[in-house]
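What follows is a single structure, written as structure tokens, with notes after it.
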Amino acid sequence: MSQPPRDRDDLRAHQERWERETRGPHVAAHGERLAEFRTQAMRWPVKPLYTPQDLDETGFDYLRDAGFPGEYPFTRGTSPDGYRTELWRMLQVTGFGTGEDWARRGRYMLEQGLNGLIIEYDLPTTNGLDSDHPLAAGEVCRAGTAIDTLADMEAALDLPFEKLQHLTSVCNGPQPVNLAMILAALEKRGVDPDSFTLQMPNAILIEYTCVGRYIYPPAHGLRVATDVIEYVIRNHPRWVPIAVVSAQLYAARANPVQELAFGFSIAMQYLDAVLARGFAIDEVAPYFSFITGVDMDFFEAVAKLRAYRKIWAKLMRDRYGATKPESLRLRLMASPGTMSLTLQQPLNNIARLGIQMLACALGGGAQTMTSPLHDEAHALPSEEAIAVGAAVQNIVAHETGVADVVDPLGGSYYLEVMTRKIEDAVFAEIEKIDTQGGALRAIETGYFQRALAQEQYDRHRDLESGRRKLVGVNQGAVSGEKRSIELFELDADAERRQIERLQRVRAERDGSAVTRALARVREAAAGTENLVPPILEAVKAYATHGEICEALRDVFGSHHPDSLTTGI
Amino acid sequence: MSERARDAAARLRAGDTAALARAIRWLEDGDALGASVLREVAGAPERAWRIGVTGPAGAGKSTLVDALITELRRRGQRVGVLAVDPSSPFSGGALLGDRLRMQRHTLDPGVFIRSMATRGRMGGLASATHGAAILVDAAGFDVVLIETVGVGQDELDVAELAHTTVVVSVPGLGDEVQALKAGLFEVADVHALNKADLPGADSAERNLRALLDLETQRREGEPRWAPPLVRTVAARGDGVPALLDACDAHRVHLAASGEGERRAATRAEQLFYALLREQAPQRLLARATDLDRTIAALRAGEIDAFAAAEAVLAGGGLPAL
Amino acid sequence: MAKRIRVLLAKLGLDSHTIGVTVIAKALRDAGMEVIYSGLKQTPEMVVRTAIQEDVDVVGLSSLSAAHMSHFSRVLELLRAEGASDKLVLGGGVIPERDAEKLRAMGVAAVFTMGATTTEIIEFIERWWTQREAQ
Ligand SMILES: Nc1nc2c(ncn2[C@@H]2O[C@H](COP(=O)(O)OP(=O)(O)OP(=O)(O)O)[C@@H](O)[C@H]2O)c(=O)[nH]1
Ligand SMILES: [Mg+2]
């Protein structure tokens, strides 16, 4: 009894009639809220209604553009059964204090039911400096955990490893030193390194584009990162030695197209470097993972996650000739973006987190999710905020039902059009970067940095002009609201204790062994051998984090960006 | 007023960089104190060697200046830098980015770096740059490096100010070699082919050398100075000692050939005209009597613009009706 | 020749968040000011030398890390020692209110925390400038 499908001319005629007879008169009578409707980040015009006609116009083809979950091009998900088999893993970022402080917080979070942890380090550590360096004063143990020597890492890894499935260690500039510290500490604690997954963002190229925690010039940064990737693939094949943290681009105000195009170009730069070490594409591609963030424009966010998977699959298949499914299947961790959180009316941030978490779930891309905390705009997170963050994830996972159907928004005319639009724009931008010589060149010439700086300014002006709305800031703001920032009280004594331990370690170690080990590191840096083994030896000799980075700096020099390469 | 100017001049001559910076500011802002300080220090013989660094946007001028500072300091010279960046034609504001490249010299007491915005002046420099160079000289710096904005073919003011003009070019400009040929080429005393680490450096050098041969033929009969070409990698400091040697050779040539004196004479004349061009309109207007009434009469159609202008130029005010 | 407000924007210490300074630098330029950006990892000594050589009117110090108290107070101290305390010193970034109070007591004219608009900052500078010029 089913009716034959109406053809598209028929649909067009109907839509024109609807516009003429129904919508037209309504709009003429009541007007519209805004003179024009646009998406938040891309500022793309938004039509009042999307229909199959729009799919036709974009050339949408179901099998080619959407396909089936778990199959190329993975638009509808990398898992054949969505979240029905297994929910995403839930992680939370922490890091502050000494190694012991971090381990205490980590144990607390594992008890809350989280199964993965992310450790971040303080600014001296990420900049490759020891805690007693003059530039470090006041920063030690502040924005993350301080790791100076193997002794600190041993303390930090005092964790119930039977509960820990996943540890992400974020130390981009000095990642090989950090990796060596973790390896040596696991050995000392007698933990099997392959009992959990260690993920290292190792994402130095992104540091040059926006975050700024670089040490050496970009080309040397790339070499160091490549050494880490190569070492892990050869020695700890279950670990993940590279994550392209496009979330940082996003936090630096990249729009979705920039985030993906810059992020993928950077990924391909690493990939080319690793392939040059004699691997085949299918041996390497499965190790690449990505970390993204989503914004408040719900459909832009969901479309971005779907396009993310699809573009990676296409790049791997068509550009690199990868054939293994693991190579084509994107490994993605997604998180709500801290940058959309506001200082004003901080409880509103819980709603934002919920909506963004929902977008992550519906975007279906994320095998892992992290949850920032509603008071993150204010301060280092409180324990209450950690509990709420975990609860928001659980609410989305268990109360909404969105995890029970695979890609439930798939087929939405609007979403499919947006997904295609993002995809096309990303490929166009990648081509532009290619013609400039790829990501490393784009960093060295400041192309990425200037594009981001412009976007930062434009976005800020959107907010100040009110084109972009932010509740509690330019919409429903409470005048005279005290924007108080309360920094989570840190143990003021941590810096002193950290420096004391560092100096004790320095006094007690075998100085000549350290000197020899550091000389080996320099020698390796000047040549082409992999840096991880000599660094591991140096770590075991209790050479400090800063000393090892300094040895590399001796050989590589330091990076000093200029006006072009800072974007200002 | 003259008391303050005298005091400022004295402090500046004693090497007080705060006084120097403030006096440059007066020049930029058109504060009469600036001109007074300039008069205070005028008459002293020129001591500092002024090296202009010019070339297209992004050629590496700032990077080269940064490397030149390092090399000059190694040679025991005190260095002042005037780095000019364009003002926005829309807002009049500016992002002065050159300094960022040189910031590592900030704590060196033998180095003074001052960023200047063009403030609407065309030609590659700011109006106040000339005066500022004189003040930096008076403050006891041995060399003044002047970085222009990224220039095209007709922003050549720096050649009127510098003793030695270094034109920076880079490989891969292709068509811009044409631009060089037109304007910049004629003012170059020394050529720096920067970014010599990039592909295309060899062919760029061949192109430049071919042009240089033509230029040398063109200049036949003039006191002979064949502008040398030095390859540099500013980012690494490569070629920078050679570049400085070439500048030195040019200085020796200027002194030995008498060309230096000829140029000084031309420079004095050019400066004279430049100052007049810049200051005459304001001064004339300030001196004109009855300016408001003249304008009112003009607007009311009682007199015409020609008559009104003529009257003001003649040193008076409202012409008789 | 019109006078122009000259501003130095500086990042002290290890904090490398630049979005705030980027946005403010462009906004101040678009408001007609001349802006010099110091780059990252500056020491108070470098900031003060730069402020003096460039003869800026305004020194904007940005910090998104916890070390603002010691850095900012050192800048103020050095400016005083160099006889350059006529400059307007502003602070910005993630600065808790109780620290902001202390900074203002030290001589930081205003502290703009994260939610501040560029318009607020521009207006503050221009008000100060007009008052100073009137004197
Ligand atoms: N490969 C290479 N890059 C260089 C060299 N010198 C400078 N650069 C780079 O070129 C870019 C521009 O350098 P700047 O020194 O800012 O150029 P500029 O001519 O002062 O630019 P404007 O003042 O904006 O006109 C920077 O990213 C430098 O790092 C060089 O010798 N080789
Ligand atoms: Mg420059």
Taking Cα pairs closer than 8 Å and at least 6 residues apart, the relative contact order of chain C in percent is 24 percent
Counting only C-alpha contacts under 8 Å and six or more residues apart, can you give the relative contact order of chain A as a whole percent? 19 percent
In nm, the gap between the two label points placed 7 Å beyond Cα toward Cβ at A:E32 and A:R317 is 3.7 nm
In sequence order, calculated HN-Hα J values of segment A:279-294 (Karplus, 6.51, -1.76, 1.60; Hz; x Gly/Pro): 9, 8, 4, 6, 7, 10, 3, x, 7, 6, 10, 10, 10, 10, x, 10
For B:R121, other-chain or 5+-apart residues with amide H closer than 5 Å (H placed, Pro excluded) are B:S127
Which shape class, rounded, prolate or oblate, goes with segment A:410-568 when its Cα gyration tensor gives a ≥ b ≥ c as root eigenvalues, a/c under 1.5 marks rounded, and past that a/b bigger than b/c marks prolate? oblate
Separation between the B:R74 and A:D9 pseudo-spin-labels, each 7 Å from Cα along Cα→Cβ, expressed in nm? 8.0 nm
For A:116-123, what's the mean count of beta carbons from other chains sitting within 10 Å of each residue's beta carbon? 1
Distance between modelled label sites at B:A314 and A:T515, nm, 7 Å Cα→Cβ extension: 9.1 nm
What does the helix-only formula give at 222 nm for chain A: each DSSP H stretch with n ≥ 4 adding -39500 (n - 2.57), the total divided by the residues, and the result rounded to the nearest 500 deg cm²/dmol? -14500 deg cm²/dmol
Let me know the shape class of segment B:1-41, please: from the alpha-carbon gyration tensor, a ≥ b ≥ c as square roots of the eigenvalues, rounded when a/c is under 1.5, otherwise prolate if a/b is greater than b/c, or oblate. oblate
In this model, which of A:K163/A:K314; A:K314/A:K421; C:K26/C:K87; A:K304/A:K324 are farther than 27 Å apart at the alpha-carbon? A:K163/A:K314
Å² of accessible area per residue within chain A, as computed with a 1.4 Å probe and no ligands counted: 39 Å²
Hey, what do the phi angles of segment A:151-161 turn into as Karplus ³J(HN,Hα) couplings, whole Hz, using 6.51/-1.76/1.60 and θ = phi - 60°, x for Gly and Pro? 4, 5, 5, 4, 5, 5, 8, 7, 10, x, 5
Quick shape check on segment B:44-257: root eigenvalues a ≥ b ≥ c of the Cα gyration tensor, a/c under 1.5 is rounded, otherwise prolate if a/b tops b/c, else oblate, and it reads rounded
Kindly report the accessible area of segment B:252-321 per residue (heavy atoms of protein chains, probe 1.4 Å, no ligands, DNA or RNA), in Å². 71 Å²
Based on the mean of other Cβ atoms within 10 Å per residue, sort peptides B:106-116, B:198-208, A:175-185, A:26-36 so the most packed one is first. A:175-185, B:106-116, B:198-208, A:26-36
Counting only helical runs of four or more DSSP H residues, what would the 222 nm mean residue ellipticity of chain C come to if each run contributes -39,500 (n - 2.57) and the total is spread over all its residues? -14500 deg cm²/dmol
Extension gain (nm, one decimal) between A:R107 and A:K188, 0.36 nm per residue minus Cα-Cα: 27.2 nm
Percent relative contact order for chain B, counting Cα pairs under 8 Å at least six residues apart, stands at 17 percent
Mind ordering A:355-363, B:258-266, C:110-118, C:41-49 by average Cβ neighbours within 10 Å, highest first? A:355-363, C:41-49, C:110-118, B:258-266
Multiplying the sequence separation of B:R4 and B:D108 by 0.36 nm and subtracting their Cα-Cα distance, what value in nm do you get? 34.6 nm
When DSSP assigns beta bridges and you keep just the ones with both residues in segment B:44-257, what percent turn out antiparallel, to the nearest 5? 5 percent
Subtracting the Cα-Cα distance from 0.36 nm times the residue separation, let me have the gained length for B:A249 to B:Y273 in nm, one decimal. 5.6 nm
Loop-only check: which trypsin sites (Lys or Arg not before Pro) in segment B:1-73 are DSSP coil with at most 13 other Cβ within 10 angstrom? B:R47
How do B:273-281, A:142-150, A:52-60, A:128-136 rank on mean C-beta neighbours within 10 Å, highest first? A:142-150, A:128-136, A:52-60, B:273-281
Report in % the part of the accessible area of the protein assembly as shown that belongs to carbon and sulfur, leaving out ligands and nucleic acids; probe 1.4 Å. 53 percent
Would you grab the residues whose amide H sits under 5 Å from the one on B:A94? Only those 5+ places off in sequence or on another chain, please, with H modelled 1.01 Å from N. B:S88, C:M33, C:E34, C:V35
Test item: C:9-18 mean partner chain Cβ contacts at 10 Å: 6
Accessible area lost on pairing A with C, both sides, 1.4 Å probe, Å² to nearest 100? 2800 Å²
Which residues' amide hydrogens lie under 5 Å from the amide hydrogen of B:W49, considering only partners 5 or more residues apart or on another chain, with H built in the peptide plane? B:V143, B:V144
Output field shielding_mean for C:38-49 (other chain Cβ, 10 Å radius) holds 5
Each residue of segment B:294-308 in order: what ³J(HN,Hα) in whole Hz does its phi give by Karplus 6.51 cos²θ - 1.76 cosθ + 1.60, θ = phi - 60°, with x for Gly and Pro? 4, 5, 4, 5, 4, 5, 7, x, 7, 10, 9, 4, 4, 5, 4
Given the protein assembly as shown, what percent of its DSSP beta bridges are antiparallel, to the nearest 5? 0 percent
What number, rounded to the nearest 500 deg cm²/dmol, is the helix-based mean residue ellipticity at 222 nm of chain B, given -39500 (n - 2.57) per DSSP H run of at least four residues and division by all its residues? -14500 deg cm²/dmol
Distance-filtered residues of segment A:393-419 - backbone nitrogen under 13 Å, label point 7 angstrom along A:W18 Cα→Cβ: A:413-414
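The values are calculated or read from the model by the stated rules, or taken from the named source; none is laboratory data. The structure presented is a predicted model; accordingly, all values stated were derived computationally and were not measured. Note that each Cβ is placed from the backbone with ideal geometry, even for glycine, and that neighbours are counted across all protein chains shown. Side chains are part of the model used for accessible areas, which takes the heavy atoms of the whole protein and leaves out ligands, DNA and RNA. Shrake-Rupley method; radii C 1.70, N 1.55, O 1.52, S 1.80 Å.
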